[in-house]
Structure formats: structure tokens, C-alpha cells
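Below is one structure; the comments refer to it alone.
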Ligand code: FES
């Protein structure tokens, strides 16, 4: 029997790890761990337990379509009451840890090392009393209780999840509670308490090259990811750009240098914004992001830094016309930022992150964006909005010849689909475009037609859909039913079909986007 680790990531940012055997369901393992994930029928019939699987392989088990549709399964949703792991898993559980009657664990340990890298940056390591009790995903953080103060501060792990001791990087400033502790009082042997793990900024299963961008101590979670990847092997190239304000702030260059000399897939560069720096590159991280690092958008960007840095990188990529396949970021609150400091003035560097209480994520903003999906959804939503307008102008008004042509166009896409997958993606895209074009032409309204042609639905479909791709099998039937609604002059039915068809089109595109291989044209 094999056991796997399953991370249950709750909506409030708290993550609990359970051990699940290869012959038990995730729900059974959760209950064994006394974590009440949402459940009702436990039989694959109600859908109450539905959860998004972020990474890992599993047997989805038996269930009915009402509980989990094909579309949802294609998007990565699964039913924990039925699913059995075939590897470690990460599941997004759609409820809070409180509702699941669990909470972030509290972990005690002893400080084993204090590395005063410079006046500005201190690292520390902790040996936990029960190391096995604190599993985490690389990129996550804990809330550390600052000794003698009653306050907590949030720090990302810098170590790999498998390492015995946990380690952190702290930006030292004038008044920070942790800064004061580390600067003036901390001693090896001190007791420390921490609560977690937390956060949704963690390494996803690599599916394409990645660009890591670190500002100051934002290097810590990226170091954790790199250390984990060194253990697992790098499936795709990773390039890191690390930016700080002053030479003094640079840490772990020797760690990065060693990794890049050992691992061909890992490269890095660093920059310092201080004009007086002796670093070879002066300026901000965006100045070191070059086309070979972003792979025409077929890249996962992981970014950890202050808000201004996150926005600056986002703006830079937009200006370059790059839409990354994945954009995962963690923003740290800056402490002591002068009120008149503008975004442009803020250096690519992280001050001490702040969390007001053990369960608070204040001071952090963790996010995930998949603009390729967002762009695709937006295009299909816009097409739907235009089509609903066109229905108003055309239903009940098409000539018999226009209706006959509409039916021919509807039937033309059928040969390119076999049940739920595409036999010929290019033919499907062409015939689908001709079908959707038809009503716009029938309006005789050039302005509407031009607005429709300005959409990039067909371009997106050409780039994303591949032979063999999953497609909602109702798509060709929608075309036929829409023609029938027009033949009856049934406006309400036509509107309903246009709306439902748009949802199915979006789901099909999302599944195709998720399945795009590395190197695919985006
Ligand atoms: Fe009903 Fe899982 S609990 S489907």
C-alpha cells in the first residue's frame, strides 16, 4: 500500500495536510484526520464535496453527471468522496477551515541559527519539536509569534518542505517587532511558536518554463520552490530575476550561483536599484526581463515583492504584449513607506510583512491570474453580447434562403467532431466561424459585422484548439437547435441557446488552454 500527502487548501488561506492511502478516498482520509470537508451523500450523487484539484493524479471514482459534469471534470474538479489519489494532491476546498472544524496548526521549536547577512537582512532557522506535524507547500508562509511582544509576523519558508529545519528571511527595519527581536535580543536556543501553513502562493505542478521574480526578502518563497525543484528535478527551465535596493540587501547569491552551476535548467540574474551599487546590473527587475524569459507568454510567472513591484511587472508585461499562461504573485505590505512615495519611487525590495493576528492575512495579498483564460472568456462573453443583439434584429426576419444556408452552416461542423473530442480542430474552427458569422451578415448592419470581426474568437480558437481536444458534445447540437429556434421564430429559445452555448464554448476553451503543452503557440 502506498500513502500520499494531500494538501487541503481552504478559502481562508489555511492549508491542512492529510495522509491518504491509495485505497481510500480523500473524504475518508479527511475524516480520519478529523477535518470535516463538506460532504453529504458520500456516494458521488450530490456534488456537495466538489473541489478543484490544483495538482496531482487521481482516480475520480464513480459518480453521476449531476454531481460532477464532464465540463467540470475537464476543468480539474473532482469529488473527494469518490477520488482516490495516485500521487500527492493539492485540493482547493470551497469552504473555510473554521467550517471544516479545523485550524492552522501551532508549532513550537527552538532557534538553531541566526544569520545576520547584513544590517538590512537577517535569516533564522528553527528546529521544530514535531517537524512531521508541519507539512507545507513551497511558497507558503507561517505566522511567527515574536518572543516577548504578543504580536505575530508572517514569513515565507525559505527551505524545501523536506528539510529538517525551517528557515526564514527577514528584512530588518527601524521599528519592526521582529526586527527589534532579531537585532537586539535573539539568541540561538530561544523558543519560538508559529502558526500555519498558510497562503495560496505555492508552486504548481510545472507544465511550462517559469520566470521567478523576487524583490528583497521576497526571495525566500522562491528559494523554497527552487530547493524543492532541485530535489524533484527541473522539468522545465526556470529563470530568476532578483532585485534589491542596496548592495547590503543581497543575500544567498552563493546559493543561487551553486544551483545554477549544478542545474542546467536554472539561470538567474540580479540587480540593485542604488546607482552607487557595484552590481553589474543597476535598476529594477523589469529591466532584466527579456523576451527569452517569457517564451511568447508560454510561461508561469511567480512573483514575490511589494505591491509596486507586482504592478510594475504586470505593466511591463502588458506593454510588451505578453500574457503569461500563469501569473502567481504575493504582495508584501511595505512598512515605513513615506506617504509621498510613488509607485515609480518604490524600489524592487521588500520590507517586513505584517500580519496583525495569528489568523490574519493582513499585509499579504496572494493572487493567481490566468489571463489567457480571462482573455478567452472575455472574447466569448463579448461574442455572446453581440449575438444576443443580433438575435433581436434577425429572429423571425430571415428569408427561407437565409434559413436554409444557416442550417447548412450548422451541419458543416459536425464531421470535425466525434462525440466529445475534435477530429479536425482547424476544420471545426473554420466551420464554426462561418456559422457564427452568418447572423451578423443577415443583419446587413456593417457596424455590427465590423464589431464582431474585431473580436478575436477565431484567432484564439486557432491558437488553442488541437486535434483530439475535448469539446462539449452539446456544441454542434446547440448549432442545430439555434437554427430550429430561428425556423420557429422563437426569440426566447434563441436567446437561451446563445447564452448556454457561450458557456459551453468557454468551458471547451478553458479545457483546451489547460491542456496546452509547453512550447504551444499562445
Ligand atoms: Fe455527495 Fe461527494 S458528498 S458527491
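The values are calculated or read from the model by the stated rules, or taken from the named source; none is laboratory data. Everything quoted here is computed from the prediction, not taken from an experiment. Cβ atoms come from the backbone with ideal geometry, glycine included; neighbour counts cover every protein chain shown.
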Legend entry - Residue pairs meeting the criteria (Cβ under 9 Å; at least 6 apart or on separate chains; first touching a residue at least 24 places away in the same chain (Cβ under 8 Å), in the range 115-144; second part of a loop (DSSP other than H, G, I, E, B) and surrounded by fewer than 14 Cβ atoms within 10 Å (Cβ to Cβ)): 127/164; 128/164; 131/164; 143/357
Legend entry - Boolean, residue 95 is within 16 Å of the ligand (Cβ to nearest atom), over 20 Å from residue 255 (Cα atoms) and surrounded by fewer than 24 Cβ atoms within 10 Å (Cβ to Cβ): yes
Inset, instruction - Scan the range 126-133 and give yes if some residue there is more than 30 Å from residue 184 (Cα to Cα), more than 16 Å from the ligand (Cβ to nearest atom) and either more than 22 Å from the chain's Cα centre (by Cα) or at pLDDT below 90 (or both), otherwise no. - result: yes
Inset, instruction - At least 1 residues that are under 24 Å from residue 170 (Cα atoms) and without any contact (Cβ under 8 Å) to a residue 24 or more places away in the chain in each: list the helices (runs of 4 or more DSSP H) lying fully within the range 203-297 that qualify. - result: 253-262
Inset, instruction - Exactly one condition in (1) more than 10 Å from the ligand (Cβ to nearest atom); (2) at pLDDT 90 or above; (3) closer than 23 Å to residue 470 by Cα; (4) in contact with a strand residue (DSSP E or B) (Cβ under 9 Å, 6 or more places away or on another chain) is not met by residue 4; state its number. - result: (3)
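Yes/no per residue for (1) surrounded by 15 or more Cβ atoms within 10 Å (Cβ to Cβ); (2) under 25 Å from the mean Cα position of the chain (by Cα); (3) within 12 Å of the ligand (Cβ to nearest atom); (4) touching a residue at least 60 places away in the same chain (Cβ under 8 Å):
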site: 29; (1), (2), (3), (4): yes, no, no, no
site: 40; (1), (2), (3), (4): no, no, yes, no
site: 44; (1), (2), (3), (4): yes, no, yes, no
site: 47; (1), (2), (3), (4): yes, yes, yes, no
site: 50; (1), (2), (3), (4): yes, yes, yes, no
site: 57; (1), (2), (3), (4): no, yes, no, no
site: 66; (1), (2), (3), (4): no, no, yes, no
site: 70; (1), (2), (3), (4): yes, yes, no, yes
Inset, instruction - Considering (1) buried (at least 17 other Cβ atoms within 10 Å of the Cβ); (2) within 26 Å of residue 154 (Cβ to Cβ); (3) more than 10 Å from the ligand (Cβ to nearest atom), say which one residue 20 fails and leave the rest. - result: (2)
Inset, instruction - Mind listing just one residue for me: the one in the range 458-508 that is modelled with pLDDT under 85 and in a helix (DSSP H, G or I) and, of those, surrounded by the fewest Cβ atoms within 10 Å (Cβ to Cβ)? - result: 459
